[in-house]
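Chemist: Pasting a structure here, questions to come.
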Amino acid sequence: MAKMTKSQLAWRPGMPKKRRSTRVMFASVILTLEALAVLFAGLAMFGLRGRVEGGGVPFLIMGIVVAIALVLTCAVVGKRWGTALGWVLQVVLILMGLFEPMMFVVGALFLLSWAYAMWQGTKIDLENAARAEEQAQWEAEHPEG
């Protein structure tokens, strides 16, 4: 039998489902796409520099480590420090341009995507919270007969 989470243990019939954060979902999508881009960038740097400079392995390792960090950040992006880590990783992505200049462009585009996801996701979450509050107030004023 699988171990149940706290929320699964606390669930009772008729309980409303907790709404997932749109900002967290947007952020997770961006981070996952960035992880794929970084992984492929690491492979490209490995291939381009492996023969010329005699050692592309560090670039491959760098790409894998950053990609893993991006994916793991998806798990904590709902926390305040997780979002801050996401911003730090945006800077890391841009700094990869020091090793492969095209990453400046890729990093900047992902930074814009990340900022837009944070902005719009927060806006949508606030609208959803206000709508849920209004719905709860209406239901309190109009009990089912």
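Chemist: Counting other C-beta atoms within 10 Å, which of Arg23, Arg12, Arg131, Arg49 has the fewest, and how do the rest follow?
Modeler: Arg12, Arg131, Arg49, Arg23
Chemist: His142 versus Leu98, label points 7 Å from Cα toward the beta carbon: distance in nm?
Modeler: 6.1 nm
Chemist: Under a crude label model (7 Å from the Cα following the beta-carbon direction), how far is Trp87 from Lys18 in nanometres?
Modeler: 2.5 nm
Chemist: Still on this structure, please answer the following. Using the alpha carbons of the chain, what is the convex hull volume per residue in cubic angstrom, as a whole number?
Modeler: 135 Å³
Chemist: Within the chain, how many lysine pairs that are 8 or more places apart, or on different chains, have C-alpha atoms less than 19 Å apart?
Modeler: 6
Throughout, read-outs are computed from the coordinates displayed, never taken from laboratory work. For clarity, every value in this text was computed on a predicted model and none was experimentally measured. With ideal geometry, Cβ positions are generated from the backbone for all residues, glycine too; neighbour counts draw on all protein chains shown.
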